[in-house]
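Working notes, structure below.
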Amino acid sequence: MTSLARAGIKVFVLLLAAAALLSLALTAVLRSGRFKDWLLAEVSQRSGFAVGADSLGFRPPLTFIVNAAEVSKAGQFHFTAVRLSAGFSLWSRTVDKLRIDRPTLSLDIDSVMKSTTTGATPIALRDVIVQDGSLTLKKGAQSILDLARITLRAQGFNLGGPAGITLSADVPQLKGTAELTVTGQARDFDAQIILHPKPSGGLFDQRKPATKTELLHLRLKLRAPEGEPVDARMESKFNGLQWAGNKLTGSLSGEASIDAELTSATFTGKVTAEDFPTSFRAMPVKLADGPLNASFTGSYSFSRRMLALQSVRVSAPFGNAMGVARVDFGSEPIISSAKLTLRDIPLAILKMNLPAPWSQWSYDGLGRVSIEAQGPWRAMAVRGAVQCDTLRLRGGAIAAANIAFSVPFEWTAPSWRFKQARLHATQVVYKAPNRWQAAVAKLQVESSLDYQANQPVKISGHMESTGAKFNSPDSSKIGENIGLQGPFEFTADRQMQTATVAAKLTVASGEILWGKFFGDLKSQLPVLDFDADYLPSEDRLRCRRCNFSFANLGLIDVAGAVEGDSQAPVLRLQLSSQNFSSGGFFEFFLRETFNRQYPLLDQLAVAGQLAFQLQVDGPLDALNAAGALSLQGGELRAKSNQWQIGPINLKLPLQIHLAQSRATARGAPPAGTLAIASIGFAGQTAAPIATTLSLANNALRVHQPIRLGLFGGVLVIDNLFWPDALHEPKRLSFSAEAKGLKLEELTQAMQWPRFSGTLTGSIPEVQSADNLLSTRGEIQAELFGGRIRISKLEIENPFSSLASLKLDARIAGIQLEQLTKTFAFGRISGILEGSIDNLVLTHGQPSELSADLHSADRGGEQRISVEALNKITVLSSGKDAGSLYGGLAVFFDSFRYSKLGFKATLKNDRLTLRGVESRNNQELLVVGSFLPPTVNVVSHTQNIAFSELLRRLQQINKTGKPNVQ
Amino acid sequence: MFKRLIFLTALWVSACVTVNIYFPAAAVERAADQIVKETWGGPAEPTQTPPKPQSRQSDSPRRLVALTWTAEAHAQEADINVSNPAIRALKDSIRNRSSAIKPFMDRGNIGIAQDGLLAIRSADGLNLKERAETKQLVDAENRDRESLYAEIAKANNISRDSIPRIKAIFATSWIDQAQSGWWIQDSQGVWRRK
């Protein structure tokens, strides 16, 4: 270290020590009570003001502090400050920085008017800070104007000049430098404020603007002659004035007149802005930009401290406003009454104020807002209404031809209330390509909303829609003319993160087309009554109550949850009903939907009360349902009353699933009971039946045999089983056994020609699948003294109108005498045997057969009457041989025969008839015996059309005994 | 040697046979025309139409011909059978339903597709009940038509493989006998008004 450096350090240390000593000395002096008293007295004496302070202080380098400062002059002013600090500059020897905390200044306006400007007192302050100050203008003892919470920060503050007051200050808020010039006397002065932009160059930016732009130029003239009213005029222009984040260009002018006693003032003003901005930094709402013109008139009573705005008019792109207000500036501003009406608001501003996607929509229409305010400024009560008569909305997939709404509101901090808000919309359409589409012709909503900060938002009201419709992308599911109305309540709880919806909606009208199903809802008046929570965080709908009721069906209660609502919904629901009408269900869902496919449905009547309780789980395409189903007083009958089953009582535990491959239930399924009190069929009534049954994994099984006591015998159906009753209801199997059914009763019931005998048989297995019901085993009928065995019984399309019955029949020992007597075919004695193979009965008519029926000579009598001969002749030839046989009948009633019979095949309505014997190319239907009287009947027509056969059969019925000549 | 060669050639030629997998196209055409006329009543205003060829299908029978110069004699083939209870029931069903379908055909809601089955062409002007009705009618009618073709094949011992040919022949009849103003789908799938 050099000696020079060491000397420098010594000097620096000495200076530092001297400064510290000086600071300590000043601090000690200033804190001295005696010095404070001396200084205050000295200042009071020199200024003529009363000056006081609690304490003085000092802070390096040269800042002097006065605590609890007080300066006053009786009848003129009174100034206090909690703390006043002034920082001096050694170089400029002026106050560099002045900070006044919580100052109060009370001025007597009369004394201000009387004071004169004696000259300029140059004051230059680099930085002035006034924090939380207040100014009170008084007239005598009465306060006429209070301005509170004044905070000022000015830089480069200059006060002084050759004439009047010249003050210049930096105004950072407006990004400019203000120059205030006041010229004239206290009762007659002009003031001018000019705001220039502050150069934005850096430290080395030496450029100067060619012309000094005026951001604001304000001129104020005040004339206050002694004993006369005060007249003040103000004109200003602003150009690119920065305010609240925007640049404003326009003008502000006004006039004010204060009476000579300074008790009241009237004022008018006018504001123009060339391009009023869209938004302001502090204002949450964006407006339409453009030129603004505003004017106002009003008055202010100094004595009552009452401001009355008699007229405020604003014309701007965001609407035209008119307003009046009365404000009491007492200890706290109180709005006595304030009304503002804003009309012609272009609703396009919604586009600017709403988030996406609503910001992408177009809003055409005008709205209006009326606001009334009243009460203290801090607890103001505001009420009003937002209204719109015509809003045309279009955006994305949504469009509305017209929306009108009226939303009355009330605001009392901190709560909002919207009471009886009304919305009326017409032709609202949601139409997205390849998605569900919906529209409503008319929608009316009336609702109320309560909102308090940190409280759930609650909207309740009533909605009504008419002419609503929807359709699926493939138009297979459509709803039209739907009229829906009912109350609703919506609550959104931000803290709980839930949205609760409760409603009771009644469908007063509408038609639904859902695949093949069509339903007219007007006849059912469906009501949907639900109360559900949606939890967005879990994407879950929790349904406390969801009731569907139908006028002619009953009520279904649903509760539980739907998870993954927005993706693939998974259901966890409990469904139950206590009074579901099976008849109503049949009529509404089944008959109308399937009657063209199954015309039989039109002939059925269904009744009974269903009840069920189900737990439904899983995704929509693989639902699993478990629970119980019961039917009380069920009935199934033909409308013609030909047959009837019921009352049916069923209790069935069940477990079913939509997915075909899924099997969830294991072990023995729980069994239910089925009881049928009676089965009536063609005048017959079967004894009651009861059995147990089960439905598990879609398999429906009847456990016990069903015994039907009919026609004097018993028909037993056993092993009745549907492997998948849900997906393949036509696929079933069972066995059947008939024991001693009396044919006499059967034929009587069927209104067939009566004959006696019994029907007995066993079909070990009946299988129904793929529209074919096939059997194994045979049925045996003992009749006409013989036996018919029926086998290979099949029914094609058993459930359609084109059912086709197929069978083979073996005939043995039939007493022809009984047979012909029964069918009034004359009289033939003997035994009939043979077979009918491949008999097909379609639509009630034989369409195919291959028959070989012939007499069997058992040694008994074989005779044939003339009448029977005639009928055989009619059948084989189509011609009545009554006259011929009539001639024979003179001599013989009957003839002996050795054999009779025929071989016939029927196909495609062509009957090929061959005799029991061929002789010389002749087909003999009856072959006479060797002993007279004998007869041969030869068939000459072997091919007979079915229609001709029918005609001949009809003729046979008409043909009686031949006339005996 | 030469004589022997001629003899063998003659023998070989005489041994050549024609094997037909027979399909009675002309008879099916006649049956189709008859059934369509019986069930739907044929065109309302008969128009002069050029005489049809004897058989629309005879030019393209599914046949196996081995070195044949033998003329075919389809023109002489007998009528097929189109009368049995099943066919009668189907014809009755189609006939009874036609009065319900025709108003929708007149209005252009239902048209005849290129395969001869009915199709819902447009739902314009239909309320939902009518839409449901048209759907049920079309489903039922098409089901009956398909059954009719199957029954005709069955009644005439025509193999099930040939049912599409019967269907195609019937399609021509349905279209030919459609009334003026009804909508027909052409082979390109375009709907045109007859």
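For the reader, a short list of remarks on this structure follows.
- Checking A:768, A:804 one by one, the residue that is under 30 Å from residue A:698 (Cα atoms), within 14 Å of chain B (Cβ to nearest Cβ) and crowded, with 19+ Cβ neighbours inside 10 Å is A:804 and no other.
- Consider segment A:830-846 and keep the residues that are of a type in the set (Gly, Ala, Ser) and in contact (Cβ under 8 Å) with a residue 40 or more places away in the chain. The one that is nearest to the other protein chains (Cβ to nearest Cβ) is A:834.
- Single match in A:251, A:311 (criterion: under 27 Å from residue A:380 (Cα atoms), touching a strand residue (DSSP E or B) at 6+ places or on another chain (Cβ under 9 Å) and either part of a strand (DSSP E or B) or among the acidic types (Asp, Glu) (or both)): A:311
- Condition check for residue A:878: touching a residue at least 24 places away in the same chain (Cβ under 8 Å) and more than 14 Å from every other protein chain (Cβ to nearest Cβ): yes
- Single condition residue B:105 does not satisfy, out of (1) within 13 Å of chain A (Cβ to nearest Cβ); (2) surrounded by 20 or more Cβ atoms within 10 Å (Cβ to Cβ); (3) hydrophobic (A, V, I, L, M, F, W, C): (1)
- Of the residues A:853, A:793, the single one that is touching a Ser or Thr at 6+ places or on another chain (Cβ under 6 Å) and either part of a loop (DSSP other than H, G, I, E, B) or aliphatic (A, V, I, L, M) (or both) is A:793.
- Lone qualifier among A:329, A:409 - being touching a residue at least 40 places away in the same chain (Cβ under 8 Å) and over 30 Å from residue A:481 (Cα atoms): A:329
- Residue-level analysis places residue A:510 outside the set of residues that are more than 19 Å from the chain's Cα centre (by Cα), part of a strand (DSSP E or B), within 14 Å of another protein chain (Cβ to nearest Cβ) and within 26 Å of residue A:487 (Cβ to Cβ).
- Filtered residue count, segment A:566-615, keeping only those that are in contact with a strand residue (DSSP E or B) (Cβ under 7 Å, 6 or more places away or on another chain), within 14 Å of chain B (Cβ to nearest Cβ) and of a type in the set (Ser, Thr, Tyr): 1
- Among the residues of segment A:785-806, the ones that are of a type outside the set (S, T, N, Q), touching a Lys or Arg at 6+ places or on another chain (Cβ under 9 Å) and under 20 Å from residue A:739 (Cβ atoms) come to 5 in all.
- Of residues in segment A:460-500 being of a type in the set (A, V, I, L, M) and under 15 Å from the mean Cα position of the chain (by Cα), the one nearest to the other protein chains (Cβ to nearest Cβ): A:482
- Checking B:189, B:116 one by one, the residue that is in contact with a Phe, Trp or Tyr (Cβ under 9 Å, 6 or more places away or on another chain), touching a residue at least 24 places away in the same chain (Cβ under 8 Å) and not in a helix (DSSP H, G or I) is B:116 and no other.
- Among the residues here, residue B:127 does not qualify as in contact (Cβ under 8 Å) with a residue 40 or more places away in the chain and facing chain A (nearest Cβ under 10 Å).
- Restricting attention to segment A:198-219 and to residues that are more than 29 Å from residue A:265 (Cα to Cα) and modelled with pLDDT of 85 or more, the residue that is surrounded by the most Cβ atoms within 10 Å (Cβ to Cβ) turns out to be A:215.
- Residues located in segment A:926-940, provided they are touching a helix residue (DSSP H, G or I) at 6+ places or on another chain (Cβ under 6 Å) and modelled with pLDDT under 80: A:939
- Every residue from segment A:452-484 that is without any contact (Cβ under 8 Å) to a residue 24 or more places away in the chain and either among the aromatic types (Phe, Trp, Tyr) or surrounded by 15 or more Cβ atoms within 10 Å (Cβ to Cβ) (or both): A:464
- Count of residues meeting criterion [over 16 Å from residue A:404 (Cβ atoms) and either part of a strand (DSSP E or B) or small (Gly, Ala, Ser) (or both)] in segment A:443-460: 10
- Among the residues listed as B:122, B:98, the single one being of a type in the set (Ser, Thr, Tyr), surrounded by fewer than 21 Cβ atoms within 10 Å (Cβ to Cβ) and either away from chain A (no Cβ under 12 Å) or under 15 Å from the mean Cα position of the chain (by Cα) (or both): B:98
- In segment A:584-621, residue surrounded by the most Cβ atoms within 10 Å (Cβ to Cβ) [restricted to those that are among the small types (Gly, Ala, Ser) and within 21 Å of residue A:557 (Cα to Cα)]: A:608
- Total residues in segment A:51-100, condition surrounded by fewer than 18 Cβ atoms within 10 Å (Cβ to Cβ), hydrophobic (A, V, I, L, M, F, W, C) and at pLDDT 90 or above: 2
- Condition met for residue A:651 (within 26 Å of residue A:604 (Cα to Cα) and surrounded by 15 or more Cβ atoms within 10 Å (Cβ to Cβ)): yes
- Candidates B:146, B:141 - the one that is touching a residue at least 12 places away in the same chain (Cβ under 8 Å) and within 10 Å of another protein chain (Cβ to nearest Cβ): B:141
- For segment A:364-374, the count of residues that are within 27 Å of residue A:512 (Cβ to Cβ) and either surrounded by fewer than 16 Cβ atoms within 10 Å (Cβ to Cβ) or at pLDDT 95 or above (or both) is zero.
- Elements of type strands (runs of 3 or more DSSP E) contained in segment A:652-760, each with 2 or more residues being among the aliphatic types (A, V, I, L, M): A:672-676, A:689-696, A:699-702, A:706-710, A:713-722, A:732-742
- Verdict on residue A:222 being of a type in the set (A, V, I, L, M, F, W, C), touching a residue at least 24 places away in the same chain (Cβ under 8 Å), in a strand (DSSP E or B) and surrounded by 16 or more Cβ atoms within 10 Å (Cβ to Cβ): yes
- Within segment B:119-136, being assigned to a helix (DSSP H, G or I) and basic (Lys, Arg) holds for B:129, B:131, B:135.
- In segment A:513-553, the residues that are within 14 Å of chain B (Cβ to nearest Cβ), assigned to a strand (DSSP E or B) and buried (at least 17 other Cβ atoms within 10 Å of the Cβ): A:513, A:518, A:519
- Any hit, segment B:156-164, residues being of a type in the set (Val, Ile, Thr), free of Cβ contacts under 8 Å to residues at least 24 places away in the same chain and assigned to a helix (DSSP H, G or I): yes
The values are calculated or read from the model by the stated rules, or taken from the named source; none is laboratory data. Keep in mind the model is a prediction, meaning the values are calculated, not measured. No Cβ is skipped: glycine too gets one built from the backbone with ideal geometry, and neighbour counts run over all protein chains shown.
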